[in-house]
Amino acid sequence: GLPAALPALPLELTVLYNSLLFTMGASDSAIKGEAAGIRQGLLRVLEAFGSYGQDLGMEELWQKVLQEITVEELQASLHRLGALQAAWWLAAGRLESVAGLFQLLSTAEDLGRAHCSEGQNKLLSMIKAWQVPPEGSSLPLVQSAKDLKEILCTAAAFLQGLQELEAGNFPTALSLLQEAAGGFCSKNILAQIYTCLGCCTQRMGKPQTALQHLKRALQVDFQCLPALSHVAAVYHELGETDAEMQALTLLYEALGKNPTAAASSSPYFLMQTELLVHTPVLTSLLRRHHPSEVKYLLAQRCLQDGRVADAVEHYLDFLSLLQEGLQQQVPLDGSSALPRIPEVFLEAASALEQAGRHQDAITVCEEVISRTTDLIPRVLRMEEKLEQPECSLPGAGLAGGLLSQKESLCCLTWRAAGYLHQGWARAKLGESKEALTQFSRERLEDAVFRYLCLPVTENLQAEVEVLQKIRLLSLIGRGTQFLELGRHKEALLDFQHSLQISPGDPAAASYLVQALWKLNRKQEAAAQWQKFSQGSPGMDGQQQGQGRPLPLYLVSCLEQAVFPHSEPLARSIQDYLGTAAQDTSS
(Lines give C-alpha, C1' and ligand atoms only; values in the text may rest on other atoms or scores of the structure.)
Protein backbone atom coordinates (compact mmCIF):
# COMPACT_ATOMS: atom_id res chain seq x y z
CA GLY A 1 0.00 0.00 0.00
CA LEU A 2 3.02 2.28 0.12
CA PRO A 3 3.44 4.80 -2.69
CA ALA A 4 6.04 3.91 -5.28
CA ALA A 5 9.46 5.45 -4.67
CA LEU A 6 12.51 5.34 -6.91
CA PRO A 7 15.05 4.24 -4.25
CA ALA A 8 12.94 1.18 -3.34
CA LEU A 9 12.00 0.17 -6.91
CA PRO A 10 15.07 -1.98 -7.72
CA LEU A 11 14.46 -4.10 -4.62
CA GLU A 12 10.71 -4.18 -5.24
CA LEU A 13 11.14 -5.31 -8.87
CA THR A 14 13.74 -7.92 -7.87
CA VAL A 15 11.38 -9.39 -5.27
CA LEU A 16 8.64 -9.44 -7.93
CA TYR A 17 10.99 -11.19 -10.39
CA ASN A 18 11.96 -13.84 -7.85
CA SER A 19 8.39 -14.44 -6.71
CA LEU A 20 7.16 -14.88 -10.28
CA LEU A 21 9.93 -17.41 -10.92
CA PHE A 22 9.02 -19.32 -7.75
CA THR A 23 5.36 -19.35 -8.83
CA MET A 24 6.23 -20.72 -12.25
CA GLY A 25 8.75 -23.22 -10.90
CA ALA A 26 6.25 -24.60 -8.41
CA SER A 27 3.83 -25.39 -11.23
CA ASP A 28 4.07 -28.65 -13.16
CA SER A 29 2.04 -27.25 -16.04
CA ALA A 30 2.96 -24.81 -18.77
CA ILE A 31 2.61 -21.07 -18.38
CA LYS A 32 -0.84 -19.78 -19.24
CA GLY A 33 -2.61 -16.45 -19.24
CA GLU A 34 -1.11 -13.02 -18.57
CA ALA A 35 1.46 -12.14 -15.93
CA ALA A 36 -0.61 -9.89 -13.67
CA GLY A 37 2.37 -9.33 -11.39
CA ILE A 38 4.46 -7.90 -14.24
CA ARG A 39 1.72 -5.46 -15.14
CA GLN A 40 1.47 -4.30 -11.55
CA GLY A 41 5.23 -3.84 -11.37
CA LEU A 42 5.28 -1.70 -14.52
CA LEU A 43 2.46 0.47 -13.20
CA ARG A 44 4.44 0.98 -9.98
CA VAL A 45 7.41 2.17 -12.02
CA LEU A 46 5.24 4.68 -13.89
CA GLU A 47 3.66 5.80 -10.62
CA ALA A 48 7.09 6.59 -9.17
CA PHE A 49 7.64 9.02 -12.04
CA GLY A 50 4.18 10.52 -11.91
CA SER A 51 2.86 8.74 -14.96
CA TYR A 52 -0.01 6.32 -15.55
CA GLY A 53 -0.84 3.46 -17.90
CA GLN A 54 -3.80 1.57 -16.46
CA ASP A 55 -5.71 1.74 -19.74
CA LEU A 56 -2.88 0.37 -21.84
CA GLY A 57 -2.43 -3.19 -23.06
CA MET A 58 0.75 -5.03 -22.09
CA GLU A 59 2.60 -4.26 -25.33
CA GLU A 60 1.74 -0.57 -25.13
CA LEU A 61 2.57 -0.52 -21.42
CA TRP A 62 6.05 -1.97 -22.04
CA GLN A 63 6.62 0.53 -24.83
CA LYS A 64 5.67 3.44 -22.56
CA VAL A 65 7.86 2.26 -19.67
CA LEU A 66 10.98 1.51 -21.73
CA GLN A 67 10.74 4.74 -23.74
CA GLU A 68 10.00 7.06 -20.82
CA ILE A 69 11.97 5.49 -17.95
CA THR A 70 15.67 5.73 -18.70
CA VAL A 71 17.03 5.83 -15.14
CA GLU A 72 20.14 3.64 -15.02
CA GLU A 73 19.29 2.11 -11.62
CA LEU A 74 16.13 0.49 -13.01
CA GLN A 75 17.48 -0.91 -16.28
CA ALA A 76 18.67 -4.26 -14.95
CA SER A 77 15.39 -4.85 -13.07
CA LEU A 78 13.27 -3.86 -16.07
CA HIS A 79 15.30 -6.06 -18.43
CA ARG A 80 14.82 -9.05 -16.10
CA LEU A 81 11.07 -8.44 -16.02
CA GLY A 82 11.16 -8.05 -19.80
CA ALA A 83 12.76 -11.48 -20.12
CA LEU A 84 10.00 -12.95 -17.95
CA GLN A 85 7.39 -11.20 -20.09
CA ALA A 86 9.00 -12.70 -23.19
CA ALA A 87 8.71 -16.14 -21.59
CA TRP A 88 4.98 -15.61 -21.01
CA TRP A 89 4.43 -14.49 -24.58
CA LEU A 90 6.51 -17.35 -25.99
CA ALA A 91 4.36 -19.81 -24.07
CA ALA A 92 1.30 -18.17 -25.62
CA GLY A 93 2.81 -18.33 -29.12
CA ARG A 94 2.94 -14.52 -29.41
CA LEU A 95 6.24 -14.44 -31.29
CA GLU A 96 5.66 -11.01 -32.83
CA SER A 97 5.10 -9.55 -29.38
CA VAL A 98 8.35 -11.12 -28.18
CA ALA A 99 10.25 -9.67 -31.14
CA GLY A 100 8.76 -6.22 -30.48
CA LEU A 101 9.71 -6.38 -26.81
CA PHE A 102 13.34 -7.28 -27.52
CA GLN A 103 13.50 -4.49 -30.05
CA LEU A 104 12.58 -2.13 -27.20
CA LEU A 105 15.03 -3.74 -24.80
CA SER A 106 17.94 -3.60 -27.23
CA THR A 107 20.19 -0.67 -28.02
CA ALA A 108 20.83 0.61 -31.53
CA GLU A 109 24.13 -1.27 -31.50
CA ASP A 110 22.36 -4.47 -30.47
CA LEU A 111 19.80 -4.07 -33.26
CA GLY A 112 22.58 -3.45 -35.74
CA ARG A 113 24.16 -6.77 -34.83
CA ALA A 114 20.81 -8.51 -35.17
CA HIS A 115 20.16 -7.00 -38.61
CA CYS A 116 23.61 -7.90 -39.86
CA SER A 117 23.12 -11.60 -39.19
CA GLU A 118 21.97 -12.62 -42.64
CA GLY A 119 20.30 -15.97 -43.10
CA GLN A 120 19.38 -16.21 -39.42
CA ASN A 121 15.96 -16.24 -37.88
CA LYS A 122 14.85 -12.70 -37.00
CA LEU A 123 13.52 -13.49 -33.53
CA LEU A 124 16.53 -15.60 -32.58
CA SER A 125 18.89 -12.91 -33.82
CA MET A 126 17.15 -10.27 -31.69
CA ILE A 127 17.21 -12.42 -28.55
CA LYS A 128 20.88 -13.26 -29.04
CA ALA A 129 21.77 -9.63 -29.73
CA TRP A 130 20.11 -8.47 -26.49
CA GLN A 131 22.77 -7.49 -23.97
CA VAL A 132 21.87 -8.55 -20.44
CA PRO A 133 22.60 -5.63 -18.07
CA PRO A 134 25.12 -6.35 -15.30
CA GLU A 135 23.52 -7.56 -12.09
CA GLY A 136 24.50 -6.18 -8.69
CA SER A 137 25.71 -8.64 -6.07
CA SER A 138 23.59 -7.02 -3.33
CA LEU A 139 20.30 -8.30 -4.78
CA PRO A 140 20.21 -12.12 -4.93
CA LEU A 141 18.36 -13.72 -7.86
CA VAL A 142 16.88 -17.21 -7.94
CA GLN A 143 17.73 -17.39 -11.67
CA SER A 144 19.97 -15.04 -13.58
CA ALA A 145 18.79 -13.10 -16.62
CA LYS A 146 21.68 -14.63 -18.56
CA ASP A 147 20.35 -18.15 -17.97
CA LEU A 148 16.86 -16.94 -18.79
CA LYS A 149 18.14 -15.57 -22.10
CA GLU A 150 19.59 -18.97 -23.03
CA ILE A 151 16.29 -20.66 -22.24
CA LEU A 152 14.40 -18.10 -24.33
CA CYS A 153 16.70 -18.76 -27.28
CA THR A 154 16.14 -22.51 -27.04
CA ALA A 155 12.38 -22.17 -26.63
CA ALA A 156 12.08 -19.67 -29.50
CA ALA A 157 14.01 -21.97 -31.84
CA PHE A 158 12.02 -25.02 -30.74
CA LEU A 159 8.64 -23.30 -31.09
CA GLN A 160 9.39 -21.86 -34.51
CA GLY A 161 10.82 -25.19 -35.66
CA LEU A 162 7.57 -26.87 -34.69
CA GLN A 163 5.57 -24.22 -36.54
CA GLU A 164 7.60 -24.72 -39.71
CA LEU A 165 7.33 -28.50 -39.35
CA GLU A 166 3.55 -28.26 -39.11
CA ALA A 167 3.49 -25.94 -42.14
CA GLY A 168 5.56 -28.40 -44.18
CA ASN A 169 8.60 -26.11 -44.48
CA PHE A 170 10.96 -28.92 -43.60
CA PRO A 171 14.38 -27.36 -44.41
CA THR A 172 13.56 -24.31 -42.27
CA ALA A 173 12.16 -26.52 -39.53
CA LEU A 174 15.31 -28.64 -39.61
CA SER A 175 17.53 -25.60 -39.21
CA LEU A 176 15.53 -24.24 -36.27
CA LEU A 177 15.32 -27.59 -34.50
CA GLN A 178 19.07 -28.07 -34.88
CA GLU A 179 19.51 -24.62 -33.35
CA ALA A 180 17.31 -25.68 -30.44
CA ALA A 181 19.24 -28.93 -29.98
CA GLY A 182 22.41 -26.92 -29.47
CA GLY A 183 20.74 -24.69 -26.89
CA PHE A 184 20.32 -24.70 -23.13
CA CYS A 185 17.76 -27.28 -21.95
CA SER A 186 17.17 -30.38 -19.88
CA LYS A 187 17.75 -33.92 -21.15
CA ASN A 188 13.99 -34.37 -21.37
CA ILE A 189 13.58 -31.44 -23.77
CA LEU A 190 16.71 -32.38 -25.72
CA ALA A 191 15.26 -35.85 -26.33
CA GLN A 192 12.03 -34.25 -27.51
CA ILE A 193 13.94 -31.99 -29.91
CA TYR A 194 15.83 -34.95 -31.38
CA THR A 195 12.52 -36.79 -31.76
CA CYS A 196 11.12 -33.85 -33.72
CA LEU A 197 14.29 -33.77 -35.82
CA GLY A 198 13.74 -37.44 -36.61
CA CYS A 199 10.14 -36.79 -37.66
CA CYS A 200 11.23 -33.84 -39.79
CA THR A 201 13.94 -35.74 -41.66
CA GLN A 202 11.61 -38.71 -42.14
CA ARG A 203 9.12 -36.41 -43.85
CA MET A 204 11.97 -35.05 -45.97
CA GLY A 205 12.50 -38.57 -47.30
CA LYS A 206 15.68 -39.22 -45.28
CA PRO A 207 14.83 -42.28 -43.15
CA GLN A 208 18.43 -43.14 -42.25
CA THR A 209 19.05 -39.62 -40.96
CA ALA A 210 15.75 -39.84 -39.10
CA LEU A 211 16.92 -43.02 -37.38
CA GLN A 212 20.11 -41.29 -36.28
CA HIS A 213 18.15 -38.46 -34.66
CA LEU A 214 15.67 -40.82 -33.01
CA LYS A 215 18.43 -43.05 -31.64
CA ARG A 216 20.14 -39.93 -30.32
CA ALA A 217 16.89 -39.03 -28.54
CA LEU A 218 16.87 -42.44 -26.84
CA GLN A 219 20.54 -42.11 -25.89
CA VAL A 220 19.79 -38.79 -24.22
CA ASP A 221 16.67 -40.05 -22.45
CA PHE A 222 15.52 -43.64 -22.86
CA GLN A 223 12.22 -42.72 -21.23
CA CYS A 224 11.37 -40.71 -24.37
CA LEU A 225 9.22 -43.60 -25.59
CA PRO A 226 7.59 -41.64 -28.46
CA ALA A 227 11.02 -41.72 -30.12
CA LEU A 228 10.94 -45.51 -29.97
CA SER A 229 7.51 -45.62 -31.62
CA HIS A 230 8.83 -43.35 -34.40
CA VAL A 231 11.82 -45.67 -34.82
CA ALA A 232 9.39 -48.53 -35.45
CA ALA A 233 7.51 -46.39 -37.99
CA VAL A 234 10.72 -45.58 -39.88
CA TYR A 235 11.75 -49.26 -39.99
CA HIS A 236 8.26 -50.06 -41.29
CA GLU A 237 8.74 -47.48 -44.04
CA LEU A 238 12.09 -49.07 -44.90
CA GLY A 239 10.55 -52.55 -44.97
CA GLU A 240 12.92 -53.80 -42.26
CA THR A 241 10.39 -55.98 -40.48
CA ASP A 242 12.75 -57.60 -37.97
CA ALA A 243 14.03 -54.24 -36.75
CA GLU A 244 10.48 -52.88 -36.60
CA MET A 245 9.35 -55.84 -34.51
CA GLN A 246 12.27 -55.39 -32.13
CA ALA A 247 11.42 -51.70 -31.69
CA LEU A 248 7.74 -52.46 -31.03
CA THR A 249 8.62 -55.21 -28.58
CA LEU A 250 10.95 -52.89 -26.68
CA LEU A 251 8.25 -50.22 -26.67
CA TYR A 252 5.64 -52.63 -25.32
CA GLU A 253 7.96 -53.82 -22.56
CA ALA A 254 8.90 -50.26 -21.61
CA LEU A 255 5.25 -49.20 -21.47
CA GLY A 256 4.47 -52.19 -19.28
CA LYS A 257 7.02 -51.10 -16.68
CA ASN A 258 5.15 -47.80 -16.22
CA PRO A 259 8.09 -45.96 -14.61
CA THR A 260 7.60 -42.87 -12.52
CA ALA A 261 8.44 -39.57 -14.14
CA ALA A 262 12.15 -38.91 -14.09
CA ALA A 263 13.36 -35.88 -12.21
CA SER A 264 14.52 -32.94 -14.26
CA SER A 265 18.22 -32.83 -15.00
CA SER A 266 18.28 -29.13 -13.98
CA PRO A 267 16.07 -28.81 -10.87
CA TYR A 268 17.75 -25.57 -9.74
CA PHE A 269 16.26 -23.66 -12.70
CA LEU A 270 12.74 -22.51 -11.96
CA MET A 271 12.10 -21.29 -15.51
CA GLN A 272 12.70 -24.09 -18.00
CA THR A 273 11.96 -24.75 -21.65
CA GLU A 274 9.33 -27.32 -20.63
CA LEU A 275 7.12 -24.49 -19.35
CA LEU A 276 7.28 -22.57 -22.62
CA VAL A 277 6.77 -25.18 -25.34
CA HIS A 278 3.36 -26.83 -25.42
CA THR A 279 1.89 -26.83 -28.93
CA PRO A 280 -0.63 -29.28 -30.45
CA VAL A 281 1.90 -30.47 -33.03
CA LEU A 282 4.38 -31.36 -30.25
CA THR A 283 1.66 -33.14 -28.32
CA SER A 284 0.85 -35.14 -31.44
CA LEU A 285 4.48 -36.04 -32.19
CA LEU A 286 5.12 -37.06 -28.59
CA ARG A 287 1.86 -38.90 -28.00
CA ARG A 288 2.53 -41.81 -25.69
CA HIS A 289 1.09 -45.03 -27.08
CA HIS A 290 -0.91 -47.30 -24.82
CA PRO A 291 0.21 -50.91 -24.39
CA SER A 292 -2.89 -52.21 -26.19
CA GLU A 293 -2.08 -50.11 -29.27
CA VAL A 294 1.48 -51.44 -29.44
CA LYS A 295 0.28 -55.00 -28.90
CA TYR A 296 -2.13 -54.57 -31.80
CA LEU A 297 0.62 -53.18 -34.04
CA LEU A 298 2.76 -56.23 -33.23
CA ALA A 299 -0.13 -58.54 -34.11
CA GLN A 300 -0.93 -56.67 -37.32
CA ARG A 301 2.68 -56.57 -38.54
CA CYS A 302 3.15 -60.28 -37.83
CA LEU A 303 0.00 -61.14 -39.76
CA GLN A 304 1.03 -58.94 -42.69
CA ASP A 305 4.47 -60.53 -42.74
CA GLY A 306 3.16 -64.10 -42.59
CA ARG A 307 4.39 -64.77 -39.04
CA VAL A 308 1.19 -66.54 -38.20
CA ALA A 309 2.13 -68.15 -34.88
CA ASP A 310 3.40 -64.84 -33.49
CA ALA A 311 0.34 -63.04 -34.87
CA VAL A 312 -2.00 -65.44 -33.07
CA GLU A 313 -0.15 -64.96 -29.80
CA HIS A 314 -0.27 -61.17 -30.05
CA TYR A 315 -3.93 -61.07 -31.11
CA LEU A 316 -4.94 -63.29 -28.19
CA ASP A 317 -2.93 -61.09 -25.84
CA PHE A 318 -4.67 -58.05 -27.26
CA LEU A 319 -8.11 -59.62 -26.82
CA SER A 320 -7.22 -60.36 -23.20
CA LEU A 321 -6.25 -56.70 -22.78
CA LEU A 322 -9.74 -55.79 -23.93
CA GLN A 323 -11.11 -57.70 -20.98
CA GLU A 324 -9.33 -55.21 -18.70
CA GLY A 325 -11.27 -52.30 -20.16
CA LEU A 326 -10.46 -50.58 -23.43
CA GLN A 327 -11.54 -47.12 -22.27
CA GLN A 328 -8.75 -47.04 -19.69
CA GLN A 329 -6.11 -47.89 -22.30
CA VAL A 330 -6.99 -45.99 -25.46
CA PRO A 331 -7.45 -42.21 -25.93
CA LEU A 332 -10.91 -41.14 -27.08
CA ASP A 333 -9.73 -38.26 -29.29
CA GLY A 334 -9.46 -40.31 -32.49
CA SER A 335 -5.65 -40.43 -32.36
CA SER A 336 -5.49 -44.14 -31.53
CA ALA A 337 -3.75 -46.52 -33.93
CA LEU A 338 -6.42 -49.14 -33.32
CA PRO A 339 -9.00 -49.97 -35.98
CA ARG A 340 -12.61 -50.73 -35.08
CA ILE A 341 -12.79 -53.56 -32.58
CA PRO A 342 -14.85 -55.93 -34.80
CA GLU A 343 -12.10 -55.65 -37.41
CA VAL A 344 -9.52 -56.68 -34.82
CA PHE A 345 -11.63 -59.75 -33.99
CA LEU A 346 -11.83 -60.61 -37.69
CA GLU A 347 -8.07 -60.19 -38.08
CA ALA A 348 -7.59 -62.50 -35.10
CA ALA A 349 -9.89 -65.03 -36.76
CA SER A 350 -7.84 -64.76 -39.94
CA ALA A 351 -4.65 -65.45 -38.00
CA LEU A 352 -6.23 -68.42 -36.23
CA GLU A 353 -7.38 -69.85 -39.57
CA GLN A 354 -3.92 -69.58 -41.06
CA ALA A 355 -2.49 -71.26 -37.96
CA GLY A 356 -4.87 -74.20 -38.47
CA ARG A 357 -6.99 -73.35 -35.42
CA HIS A 358 -10.21 -73.36 -37.39
CA GLN A 359 -12.60 -74.02 -34.51
CA ASP A 360 -11.15 -71.10 -32.55
CA ALA A 361 -11.56 -68.91 -35.64
CA ILE A 362 -15.22 -69.94 -35.86
CA THR A 363 -15.74 -69.00 -32.20
CA VAL A 364 -14.14 -65.56 -32.62
CA CYS A 365 -16.28 -64.85 -35.70
CA GLU A 366 -19.42 -65.91 -33.85
CA GLU A 367 -18.70 -63.16 -31.31
CA VAL A 368 -18.65 -60.56 -34.11
CA ILE A 369 -21.80 -61.96 -35.72
CA SER A 370 -23.77 -62.09 -32.48
CA ARG A 371 -22.82 -58.56 -31.50
CA THR A 372 -23.63 -56.94 -34.86
CA THR A 373 -26.74 -58.78 -36.09
CA ASP A 374 -29.23 -56.84 -33.95
CA LEU A 375 -27.68 -53.53 -35.00
CA ILE A 376 -28.51 -53.96 -38.69
CA PRO A 377 -31.90 -52.52 -39.74
CA ARG A 378 -34.06 -54.59 -42.05
CA VAL A 379 -34.20 -51.87 -44.71
CA LEU A 380 -31.73 -49.03 -45.25
CA ARG A 381 -31.77 -46.40 -47.96
CA MET A 382 -28.17 -45.70 -48.84
CA GLU A 383 -28.87 -42.73 -51.08
CA GLU A 384 -30.08 -40.67 -48.10
CA LYS A 385 -27.65 -38.29 -46.50
CA LEU A 386 -26.22 -39.22 -43.15
CA GLU A 387 -28.04 -37.50 -40.33
CA GLN A 388 -25.65 -38.59 -37.63
CA PRO A 389 -21.90 -38.01 -37.42
CA GLU A 390 -19.73 -41.03 -37.95
CA CYS A 391 -18.47 -42.53 -34.71
CA SER A 392 -14.72 -42.96 -34.85
CA LEU A 393 -14.00 -44.57 -31.49
CA PRO A 394 -12.22 -47.92 -31.73
CA GLY A 395 -14.87 -49.71 -29.70
CA ALA A 396 -17.87 -48.21 -31.42
CA GLY A 397 -20.20 -50.44 -33.39
CA LEU A 398 -20.72 -53.05 -30.67
CA ALA A 399 -23.02 -51.03 -28.47
CA GLY A 400 -26.77 -50.63 -28.78
CA GLY A 401 -28.62 -47.59 -30.00
CA LEU A 402 -29.48 -45.97 -33.30
CA LEU A 403 -26.73 -46.01 -35.88
CA SER A 404 -26.18 -43.99 -39.03
CA GLN A 405 -26.36 -45.66 -42.43
CA LYS A 406 -22.57 -45.78 -42.55
CA GLU A 407 -22.36 -47.45 -39.16
CA SER A 408 -25.08 -49.93 -40.08
CA LEU A 409 -23.24 -50.71 -43.30
CA CYS A 410 -20.04 -51.30 -41.30
CA CYS A 411 -21.93 -53.71 -39.02
CA LEU A 412 -23.29 -55.54 -42.05
CA THR A 413 -19.78 -55.78 -43.53
CA TRP A 414 -18.35 -57.20 -40.31
CA ARG A 415 -21.14 -59.77 -40.00
CA ALA A 416 -20.74 -60.78 -43.64
CA ALA A 417 -17.00 -61.18 -43.15
CA GLY A 418 -17.68 -63.30 -40.07
CA TYR A 419 -19.86 -65.68 -42.07
CA LEU A 420 -17.23 -65.76 -44.82
CA HIS A 421 -14.46 -66.75 -42.40
CA GLN A 422 -16.65 -69.38 -40.82
CA GLY A 423 -17.38 -70.82 -44.24
CA TRP A 424 -13.70 -71.18 -45.12
CA ALA A 425 -12.91 -72.57 -41.65
CA ARG A 426 -15.61 -75.23 -42.04
CA ALA A 427 -14.25 -76.05 -45.48
CA LYS A 428 -10.77 -76.55 -44.03
CA LEU A 429 -12.23 -78.88 -41.41
CA GLY A 430 -13.72 -80.95 -44.23
CA GLU A 431 -17.26 -80.00 -43.22
CA SER A 432 -18.54 -79.15 -46.68
CA LYS A 433 -22.23 -79.10 -45.78
CA GLU A 434 -21.64 -76.79 -42.82
CA ALA A 435 -19.41 -74.63 -45.01
CA LEU A 436 -22.24 -74.36 -47.54
CA THR A 437 -24.53 -73.19 -44.76
CA GLN A 438 -22.15 -70.40 -43.78
CA PHE A 439 -21.47 -69.34 -47.38
CA SER A 440 -25.22 -69.43 -48.10
CA ARG A 441 -26.58 -67.46 -45.15
CA GLU A 442 -29.94 -66.23 -46.44
CA ARG A 443 -30.01 -63.13 -44.30
CA LEU A 444 -26.46 -62.28 -45.35
CA GLU A 445 -27.17 -62.65 -49.06
CA ASP A 446 -30.45 -60.72 -48.88
CA ALA A 447 -28.84 -57.89 -46.95
CA VAL A 448 -25.82 -57.66 -49.23
CA PHE A 449 -28.04 -57.80 -52.30
CA ARG A 450 -30.18 -54.95 -50.98
CA TYR A 451 -27.11 -52.79 -50.55
CA LEU A 452 -25.50 -53.61 -53.86
CA CYS A 453 -28.69 -52.81 -55.77
CA LEU A 454 -29.13 -49.34 -54.28
CA PRO A 455 -27.45 -46.11 -55.43
CA VAL A 456 -24.17 -45.59 -53.60
CA THR A 457 -23.03 -42.22 -52.29
CA GLU A 458 -19.33 -41.41 -52.28
CA ASN A 459 -18.94 -41.63 -48.50
CA LEU A 460 -20.18 -45.25 -48.59
CA GLN A 461 -18.18 -46.39 -51.62
CA ALA A 462 -15.38 -48.04 -49.64
CA GLU A 463 -17.76 -50.11 -47.51
CA VAL A 464 -19.78 -51.21 -50.54
CA GLU A 465 -16.61 -52.28 -52.39
CA VAL A 466 -15.67 -54.46 -49.41
CA LEU A 467 -19.17 -55.96 -49.38
CA GLN A 468 -18.89 -56.72 -53.09
CA LYS A 469 -15.61 -58.51 -52.51
CA ILE A 470 -17.13 -60.48 -49.62
CA ARG A 471 -20.05 -61.54 -51.81
CA LEU A 472 -17.62 -62.59 -54.57
CA LEU A 473 -15.52 -64.64 -52.15
CA SER A 474 -18.64 -66.19 -50.61
CA LEU A 475 -19.89 -67.31 -54.03
CA ILE A 476 -16.49 -68.74 -54.95
CA GLY A 477 -16.29 -70.48 -51.59
CA ARG A 478 -19.75 -71.98 -51.96
CA GLY A 479 -18.99 -73.04 -55.52
CA THR A 480 -15.86 -74.88 -54.37
CA GLN A 481 -17.90 -76.79 -51.81
CA PHE A 482 -20.49 -77.73 -54.44
CA LEU A 483 -17.57 -79.09 -56.49
CA GLU A 484 -16.39 -81.10 -53.48
CA LEU A 485 -19.88 -82.60 -53.15
CA GLY A 486 -20.13 -83.35 -56.88
CA ARG A 487 -22.91 -80.77 -57.38
CA HIS A 488 -21.29 -79.34 -60.49
CA LYS A 489 -24.32 -77.54 -61.95
CA GLU A 490 -24.87 -75.58 -58.75
CA ALA A 491 -21.17 -74.79 -58.64
CA LEU A 492 -21.32 -73.52 -62.21
CA LEU A 493 -24.16 -71.14 -61.33
CA ASP A 494 -22.17 -69.68 -58.43
CA PHE A 495 -19.09 -69.12 -60.58
CA GLN A 496 -21.20 -67.49 -63.29
CA HIS A 497 -22.72 -65.22 -60.68
CA SER A 498 -19.23 -64.43 -59.37
CA LEU A 499 -18.18 -63.22 -62.81
CA GLN A 500 -21.23 -60.99 -62.97
CA ILE A 501 -20.10 -59.32 -59.74
CA SER A 502 -16.43 -59.12 -60.79
CA PRO A 503 -16.00 -59.65 -64.55
CA GLY A 504 -12.67 -61.22 -65.42
CA ASP A 505 -11.88 -62.29 -61.85
CA PRO A 506 -9.13 -64.92 -62.37
CA ALA A 507 -10.24 -67.27 -59.58
CA ALA A 508 -13.90 -67.23 -60.58
CA ALA A 509 -12.96 -67.66 -64.26
CA SER A 510 -10.71 -70.63 -63.51
CA TYR A 511 -13.31 -72.32 -61.37
CA LEU A 512 -15.94 -71.71 -64.06
CA VAL A 513 -13.75 -73.50 -66.62
CA GLN A 514 -13.22 -76.37 -64.17
CA ALA A 515 -16.97 -76.71 -63.52
CA LEU A 516 -17.68 -76.83 -67.27
CA TRP A 517 -14.93 -79.42 -67.69
CA LYS A 518 -16.38 -81.61 -64.93
CA LEU A 519 -19.81 -81.35 -66.57
CA ASN A 520 -18.17 -82.76 -69.73
CA ARG A 521 -18.91 -79.50 -71.54
CA LYS A 522 -15.34 -79.50 -72.76
CA GLN A 523 -15.87 -77.37 -75.85
CA GLU A 524 -17.41 -74.59 -73.75
CA ALA A 525 -14.68 -74.99 -71.14
CA ALA A 526 -11.99 -74.65 -73.79
CA ALA A 527 -13.70 -71.61 -75.31
CA GLN A 528 -13.99 -69.93 -71.92
CA TRP A 529 -10.37 -70.79 -71.11
CA GLN A 530 -9.19 -69.21 -74.36
CA LYS A 531 -11.37 -66.17 -73.76
CA PHE A 532 -10.07 -65.54 -70.26
CA SER A 533 -6.48 -66.39 -71.17
CA GLN A 534 -6.48 -63.80 -73.93
CA GLY A 535 -8.34 -61.20 -71.90
CA SER A 536 -6.44 -61.42 -68.60
CA PRO A 537 -2.96 -62.52 -67.53
CA GLY A 538 -4.51 -63.61 -64.23
CA MET A 539 -5.59 -67.07 -65.42
CA ASP A 540 -2.60 -68.43 -63.56
CA GLY A 541 -4.84 -68.27 -60.55
CA GLN A 542 -3.36 -65.21 -58.93
CA GLN A 543 -5.75 -62.52 -57.81
CA GLN A 544 -5.14 -59.17 -59.41
CA GLY A 545 -5.31 -56.24 -57.01
CA GLN A 546 -7.71 -53.56 -58.15
CA GLY A 547 -8.85 -50.34 -56.53
CA ARG A 548 -8.17 -49.54 -52.87
CA PRO A 549 -6.51 -52.25 -50.75
CA LEU A 550 -8.68 -54.80 -48.98
CA PRO A 551 -8.98 -54.88 -45.20
CA LEU A 552 -6.35 -57.10 -43.62
CA TYR A 553 -9.01 -59.50 -42.33
CA LEU A 554 -9.99 -60.42 -45.91
CA VAL A 555 -6.52 -61.18 -47.25
CA SER A 556 -6.53 -64.81 -46.09
CA CYS A 557 -9.96 -65.37 -47.66
CA LEU A 558 -8.66 -63.93 -50.91
CA GLU A 559 -5.72 -66.34 -50.80
CA GLN A 560 -8.00 -69.31 -50.10
CA ALA A 561 -10.14 -68.41 -53.11
CA VAL A 562 -7.16 -68.69 -55.49
CA PHE A 563 -7.68 -71.53 -57.99
CA PRO A 564 -5.12 -74.25 -57.08
CA HIS A 565 -5.16 -76.38 -60.25
CA SER A 566 -4.24 -73.92 -63.00
CA GLU A 567 -1.44 -75.86 -64.63
CA PRO A 568 -3.15 -79.32 -64.73
CA LEU A 569 -6.37 -77.75 -66.07
CA ALA A 570 -4.44 -75.78 -68.69
CA ARG A 571 -2.61 -78.93 -69.84
CA SER A 572 -5.89 -80.86 -70.10
CA ILE A 573 -7.50 -78.12 -72.18
CA GLN A 574 -4.45 -77.75 -74.39
CA ASP A 575 -4.42 -81.52 -74.97
CA TYR A 576 -8.13 -81.37 -75.81
CA LEU A 577 -7.63 -78.48 -78.23
CA GLY A 578 -4.70 -80.28 -79.84
CA THR A 579 -6.74 -83.43 -80.31
CA ALA A 580 -9.67 -81.45 -81.67
CA ALA A 581 -7.39 -79.71 -84.17
CA GLN A 582 -6.01 -83.06 -85.38
CA ASP A 583 -9.50 -84.48 -85.78
CA THR A 584 -10.51 -81.43 -87.79
CA SER A 585 -7.46 -81.64 -90.10
CA SER A 586 -7.96 -85.35 -90.70
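The values are calculated or read from the model by the stated rules, or taken from the named source; none is laboratory data. Note that the structure is predicted; figures quoted are calculated from it, not measured. Because the Cβ atoms are built from the backbone with ideal geometry, glycine has one as well, and the counts that use them run over all protein chains shown. Surface accessibility is based on the protein's heavy atoms, side chains included, excluding ligands, DNA and RNA. Shrake-Rupley method; radii C 1.70, N 1.55, O 1.52, S 1.80 Å.
Observations on the model:
- For GLU343, solvent-accessible area (1.4 Å; no DNA, RNA or ligand), Å²: 50 Å²
- Fully extended contour minus Cα-Cα distance, from ARG548 to SER51, at 0.36 nm per residue: 171.9 nm
- Rh by Kirkwood over Cα pairs, then Stokes-Einstein D for region 185-249 at 1.567 mPa s and 4 °C, µm²/s: 115 µm²/s
- Accessible surface for LYS215 stands near 100 Å², nearest 10, in the context of the full protein assembly shown (1.4 Å probe).
- Backbone phi angles across region 414-421, fed through the Karplus curve with coefficients 6.51, -1.76 and 1.60 (θ = phi - 60°), yield HN-Hα couplings of 5, 5, 4, 5, x, 4, 4, 4 Hz in residue order; Gly and Pro are listed as x.
- Alpha-carbon centroid distance for the pair region 44-61 / region 163-231, whole angstrom: 43 Å
- By the rule of a C-alpha distance below 25 Å, with chain neighbours fewer than 8 residues away ignored, the lysines paired with LYS149 are LYS32, LYS64, LYS122, LYS128, LYS187.
- For the set LYS257/LYS295; LYS295/LYS469; LYS433/LYS522, the pairs lying more than 22 angstrom apart at their alpha carbons are LYS295/LYS469; LYS433/LYS522.
- In the context of the full protein assembly, GLU274 retains an accessible surface of approximately 50 Å², using a probe radius of 1.4 Å and ignoring ligands and nucleic acids.
- Hypothetical label at GLN40: residues of region 59-74 whose amide nitrogen lies under 20 Å (7 Å Cα-Cβ projection): 59, 61-62, 65
- Annotation for GLN103 and GLU465: the two label points, set 7 Å from Cα along the Cα-Cβ direction, are 5.3 nm apart.
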